[in-house]
Every structure is written in structure tokens, then in C-alpha cells.
1. Report, in debye and to the nearest 20, how large the dipole of segment C:63-282 comes out about its Cα centre when Lys and Arg carry +1 and Asp and Glu carry -1 on their Cβ.
2. What lysines could a cross-link reach from B:Lys247, if we take a straight Cα to Cα line under 20 Å and drop same-chain neighbours fewer than 8 places away?
3. Once you average over the residues of C:104-111, how many Cβ atoms of partner chains fall within 10 Å of each Cβ?
4. What is the set of long-range amide H partners of B:Lys39 at a cut-off below 5 Å, with H atoms built 1.01 Å from backbone N?
5. HN-Hα J couplings of segment A:250-257 from phi, Karplus 6.51/-1.76/1.60, θ = phi - 60°, integer Hz, Gly and Pro as x?
6. Once you place label points 7 Å from the Cα toward the Cβ at C:Ser44 and B:Ser187, how far apart are they in nm?
7. How would segment A:196-329 be classified by its alpha-carbon gyration tensor: rounded, prolate or oblate, with rounded meaning a/c under 1.5 and the a/b versus b/c comparison settling the rest?
8. List the residue ranges in chain C for DSSP H helices whose C-alpha atoms run 18 angstrom or more along the long axis and whose Kyte-Doolittle average is 1.0 or above.
Amino acid sequence: MSSPHNLSVPTPTEENLARRTRPTKTDLADRLFRYLMYAASGISVAILLLMGWIITGQALPAIKQFGLGFLVSREWNVPDLQFGALPLIYGTLGSGLISLIFAIPIGVAVAIVTSEDLLPHWLRSSIAFTIELLAAIPSVVFGLWGFYTLIPILLPLQQFLYTKFGTTIPLFSTEPSGSGLLTAGMLLGIMILPTLAAVSREVLLVVPGYLRTGSMALGATRWETIFRVVLPKAFSGIIGGVMLALGRALGETMAVTMVIGNAENISPSVFSPAYSIPAILANTFAEAQEDIHVGALTYLVLILFLLTLTVNIGAIGLVRLVERGEKSS
Amino acid sequence: MREIHKPAQELETAIQVNNLSFFYGASRALESINMTIFKNHVTAIIGPSGCGKSTFIKALNRIGELEGKIKTEGQVELYGQDIYHPQVNLNQLRRQVGMVFQKPNPFPMSIYENVAYGVKIGEEKVQRSELDNIVESALQGAAIWNEVKDKLHKSALGLSGGQQQRICIARALAVKPKVLLMDEPCSALDPIATIKIEDLIHSLRNDLTIAIVTHNMQQAARVSDYTAFFSTDESRIGRMVEFGETKQIFSFPVDKRTNDYVSGRFG
Amino acid sequence: MATKLTTPLSPLRNVFDRGMTVLAFGLTIVGILPLISVLWNIISKGLPGLTAVMFTKPIIDDGFANAVVGTLTMITIASLLSIPIGIATGIYLAEYQPTTRINRTIKFLTTILTGVPSIVVGIFTYNAVVLVSKRLFDFSYSAVAGGIALAILMLPIIALTTEEVLKLVPNNFRLASSGLGGSKFQTITRIILPAAVPALTTGVLLAVARGIGETAPLLFTALFAQDWADNLTSPTASLPILIFNLYNDPDPVKNQLVWTASLFLLGVVLVINLPARFLANRNR
Ligand SMILES: Nc1ncnc2c1ncn2[C@@H]1O[C@H](COP(=O)(O)OP(=O)(O)OP(=O)(O)O)[C@@H](O)[C@H]1O
Ligand SMILES: [Mg+2]
């Protein structure tokens, strides 16, 4: 045992205490650093709020003039300064919906092939990697490819459907010209495929293996297991991925602009040229002269902003739900 | 424990294992297992961790094949039929050799749907009313009917671990297997839930053949008629050391290693 | 007696099982085909035009040198703005009370910002930067505005990747450092960030590649220029806008220029993406 003397603590003198409370250099750096991080994180938030504020502000004259009727009015006539958003909402949602029709089955199939053990591991991850690369291709390059390659491939097919079913099925009732809602939707479907496949794959990968084993142990085949146990378990997560992909599709600009045909149409036929909100913005925002035209376009921006916001919040909500479910089970 | 009156030779064989060796990839996990699982009896498989008990039991319904590249040598016969024959229909095999896992693994659906699952995927069309009956009798067979009969359409995930495990047993029973494999079915459960499962095993023996892996020696002694003791050495290859009537294995083991293990003196 | 084990699966189940496998593989191949087609198309059509003069002459002289420089300028501005702020945001999200409501809210809003369509970012920047600079400093469309628009796009991506990467740094690093009396500042800058550098680099590179390929944010901010930009405050060409503006130009020389520019753009983007994604996948 050492003497009690050695264990004694220096009595707190005035000087000692002062030294302890006076900020040292590291304290200062620490605090400064913290404030910097706080400030930085505020910037994204500020941008988002500013965005909402400025867009709403700019759209306000048009909102005042057209009101909510803007959403359902079918006329978009620049010379007469008549502006109604319905054809553009139709083109945006229509192409988005078509993109999902193509992307969901392919995306989920890719997710299953790359998460179930149908293939050796290296092949699975190579496929996943390849699909992921699709996400790297710039949208304008997709547009170029869509314009010069996809359209010539699709046109004969569309013509065939038109001549065969044009009179009986309204969806195919107009003479295809190559560009149009269907072409835009298909191109969008390819572009959102990596998002959909990646999210679905992640979700499928976390479906516990014991559920698969449990099902197979009862004599279920692989696909019975996938359809009855695995996919239902992954359902809400996959829907989250679908919504995320839909958000991408609705806001996608360049590729759609290059293949949708750019006409403010509402036609039951998917072969008809159409126009989406991003596309009309890309094409006409710079040329808009009259305030009310700019206002109407900004109103469209606001609609698009809110639309994607809603879809994305839904997606985030679903993903959170899935994460929470994971923790609790 | 139930008295076994007839000598072993006169008992009917459910599963006959001859010279079974099992490989994960290139590495051998089991070597030359010979064993008979008798009809309407409970066979316990005991042994230290890593000796290949799970590997063995999973070789009896070929569920281990889901986990990767495996290879087997030797034969496993279910009522005289080679289950490793190339033309064997695995779905058919697994319906006849059911399995209950260590961790309860009910599907994320209602209790009813869990139990009905195996029946629904089966080949015969089953009427709704008949399905109701099957579900009820399976749940009764698993001694959980009274606890869940009022919430059949609630999620099975809301039940306690012991209840979930009995749902899994009911789920296996609903397809009317000939043999039920259980891999440490009580290791995730508390003592009361364990007792319930053990009682259940006792009653199931009347129309079912059961093979159960357990770490709990008292449990093996309580529930089983026959016991197989597996062990391994530095080679990490699992072998069966001794097989016999449970009474004999626990009271007069022939092999010293068995004796050490059952008396708790094992490394 | 057991049912015969060799009784085959009923034809219906058998066909379903095999059919689904075939269908899934088929759909997967359908999913991969576009990638191959895009690559093949761009390479085969772009390669013949890829000559050295492309990199020395501006668009007006049938090269794309000014677009390359414009893209480089703007991505540099965007990176200078978005990388530090993004990483700082990520640090805040991961290291400063990540469970508090304010932190969660900021993360939520940052996630929302990643989902804002790029055209909306472009029009916002037009209003917030181009119009303002016109009024205050007498310049409107500019590389600066384009850079800011790209920065807004990259910022939330970098922030969220940083957060994700930092959260993967084992917690005992933090405990060990603060246990030794390190301040939070020291812990983060000396221990956590260095440990996260490889993954962080990957994430930042992916965001940069994304920015390089973006078109819509530049439409009303940087605009376009046939010739060299005078300075950072004049309209500036970029590769994506070049492609968009000239893609259906009747002049075959300009058409070739578009394909070659696409090849170069795609090449740059893939050269960044391939190793970055490869590493990201392996780290996981
Ligand atoms: N999927 C697998 N791939 C490769 N080796 C495996 C696999 N599963 C088990 N093994 C190995 O086979 C041996 C036997 O494992 P097994 O799980 O059958 O043991 P066990 O007796 O059930 O152990 P425990 O009592 O811990 O459950 C072990 O050495 C194990 O490492
Ligand atoms: Mg085991």
C-alpha cells in the first residue's frame, strides 16, 4: 500500500478551477467544428424550403388566375394564353404508369434471379452489377438511344398492333409514328429498372432463409415458396422500391422529351404523341415570354414537385415500415 | 418412458440408414452412419456441438441440399425406398418426412394459413370445410388448439415462442407426414414451453415416428425410446459412437465416450 | 407404407416451377439487353468520329472541346460546393445525436431533396441564381449557375452516402478515441473520417459521375454556347446539352458530333462508375 499522501487530490484552488472552465484550444476547435456541421446540414434543408417557396411564389399569379381548375382543364394553347395542365399530367402519369408495367416484372425477376440461389454466386452478383450499371447511363444518352434505336425497333411492332387491333382496342387506335406515350413509357421503364431491381433485391436478400427452408420442408417447390412466402414477406419493401422508381420516372426529363412526341394530347391510344411536365418545361420554359405563360409553366413545376414529393414520401414511409418490421421480428 | 416390450428385431423400420457419409463441398462431415429409426418410436440423437447431428437429421429429408453443394454416400431408406435415388421427388419426400426447426419459423401469415399452407400446396384439391377440419385436428394434435382457436386468423408472429413452435409442429402435422424430424425444437424455449413440447412428443408417438436432436440429456432420456450418440474427434468428422435403447445408453453405455458424455464428463 | 417417392410432381406444379424459372431468366435477359444495345450503339456510331481535333475545336468548328471544358468547369464548381457541404451534412447526420428528432427531420428532408426531379432543380436555380445574378451583377446564364444547379443535385446524394458510410465505422473506434480523452472533433477527423475514406471516395465519385451526365439542371442555368465561354459568368456549353441541342440536327457532321460526344460522355461516366461500383459492391 502506498501512503495516503500519494492518493490525495490537489485541493481545488481558484486557479485550478479557472483552468478547467476556460475553453482550451481543442474545446474551441470542437465547438467550431460542431457549428460548421450544423450549418452545413441546414443548407440542404434551406435549399428545399427555398425551392418550395420560390416555386410557389412564381406560380402564384397562375394559381390565382387558373385556380385548381388548371388541373382538369384540357386546353394548352400558348397563342391564346389558355393553359390547362390535364394533357401534361396525363402524359406524365401515363408514361410513368407504362414504365411501371414494364419495369415491375423485369425488376422483380432480376431481383429474384439475383437473390435466390438459382445461379452460382458469381453470376448472380455479375447480373446485379450489370443491371446496376444501367443507372449510370446519363438520361440524355438514353434519349439518344431511344430516338435512334428503340423507336425503329418498336415502330414495326406498334404498326402491327395498330393494323391488327386498331379498330377494336382503343389503346392501339391511332397510327403510330414512333414517338409517343408507349415509347416514352418503355424507355422510362428501362431507366427505372435498376432502382426497382436494386431495392427489390435488397428486400429479398433480407427475407430470412428459415422461411424458405420452412416452406420447402413442407414439400413446396421453389416457386411456390417464392410466390407464397418470400414475395408476400417482401411485398411492402418492393412497393417502396416501385414508388421510388415511379418518383424517378415522373421527374425524368431528357429521355422522355426526346421520344414522347411533344404534343399536348389526351388520347386513349398509347401510340399517340403526348407531352409530360418535365418535357414541356425542357422545351418551352426558356422561350416563354408572357408572364402568365411562365406562371403556368411554374405552376406545372409546382405540380411536379408536389407529385414527386408525395410519391417519395410514400416510398420512404414504406421503407421505414419495413425496417421497423425487421427490428421487431 | 414407455416400456419397449418387443425386441428390436421385430419392430417395424421407418428409416434405415446404411453407411451414410455426408460431405459439405469437399469436406466430410459424417462418416459411415448406420442406424435404424423405428416406426412409432422416438429416436433421440445426442452428441457434442459440431458432431453433425443437424447434418444427419437434415440428410433424412434432404433439406440440407438447400444450403449449398453437398454430397452423400451410402443409403437412406424410407420404408424401403432409397431417398437418394435420382428419380426421387423431393417435394414428395419432404411431405412424408416433416421437419421442425430449432428456431420457431412460422410464416408471416395467420395461424390458420400457416397450418393450411402445406395442405394447400399439395396435389389434392381440398374443400374449405375439409381444410378447416385438417387445420383443427393438426392444431389439436400439436396441443395448441385451445390456446389459438379464437384467433385463428391473427398473425402467427404474435404468439409466444413456445406457441409458435407448436404452430410449426401443427404445420408439419397437417400434411400427415410419416416421420417427423426435430432439430433441437426446445432450445429457444423456456422450461414450461419445453415441457409442453415434450408431452406433445409423447402423444405424437402413437401415430408418428419421431427423430429428435437434442442437447439436453434429460430431455433425451425423458422423451426417447432409442438414442444415438454421435461424436467427433480432431478430424472434425462426425461418427455414430453408439446406438441403442435409451435406457441402456443412459444406464449401461458400452462405449467409454458415451459414458463420459451422458454422465457429463465430456470435454 | 409410404407413398412412392418417385411419384413425379404433378404436371401443373412441374410446369409452373420450370416455367417460372424460364420466365425469370428470360425477363432478366430482357433487362440486360438495353445496356448492351446502348453500349454497342454509342460505341459503334461514336467511335468513327473520335479524333484528336474534337478535343481542340469548339462546337462551331465541329469539335466539342468547349463542351468538355464547360462540363469540367461546372462539375468542378459543383464538386467544390457540394463535396464539403455534403460530407459535413453526412457527419452531422451520423455523428451528432443521430436519434434526435431534429436530426431525423434533416435526414428526411435531405432524402426528399434527392428525389426532387432534376428539371425542378434547374428551374429553381434559374429563379434563385440566374435571375438574381442578372439583377445584381449583370450576368445571367453562366457556368456558375450551372455549377450551382449540379451542386444542388449532388449535395444530398453525397450527404446520405457519407452518413451511410460513417455509420458503418465500428462504434468501438468512437468509444476508444473518446475514452482516451479525444474530443468529438478529434475523433471524427483523426479516426472516423480516415477509416471511412475509401468508401467515402467511392460515394463521392458516384455523385460526381451523376453530375457529369445531368442535362436538365443546365438547360436554364448554363444554357449553351457554340464557342468558347469568355469566363465563368457567360453561357457555357456542356456535353449533355450539346447532345440534347443537336441530336436531331439535319447536318450529318453535327450528327456525328452528337454520337462522338455521347461516346466520350458515356466513357467518362463509366470509367468513374465501373471501379467505384465494383469497390462499393465488394466492400458490402
Ligand atoms: N452448410 C455448411 N457448409 C459447410 N460446413 C457445414 C455446414 N453446416 C455445418 N457444417 C459443418 O459440419 C459440421 C457439423 O455441423 P452440424 O451443424 O451438423 O453440427 P451439430 O451437431 O448440429 O452441432 P450443434 O449441436 O452445434 O447444432 C460442423 O463442423 C460444421 O462446421
Ligand atoms: Mg445443430
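Taken together, the values in this text are just the output of simple stated rules run on the coordinates, not laboratory data. Everything numeric in this text was worked out from a predicted model, so none of it was measured. Cβ coordinates were reconstructed from backbone atoms using ideal geometry, including for glycine residues, and neighbour counts include every protein chain displayed.
1. For segment C:63-282, the charge dipole is close to 920 debye.
2. B:Lys247 reaches B:Lys6, B:Lys39, B:Lys256.
3. Partner Cβ neighbours, averaged per residue: 4.
4. Answer set, sorted by chain and number: B:Glu12, B:Thr13, B:Ala14.
5. 5, x, 5, 10, 4, 4, 5, 3
6. 5.9
7. It comes out prolate by the Cα gyration axes.
8. C:11-46, C:65-95, C:143-168, C:193-213
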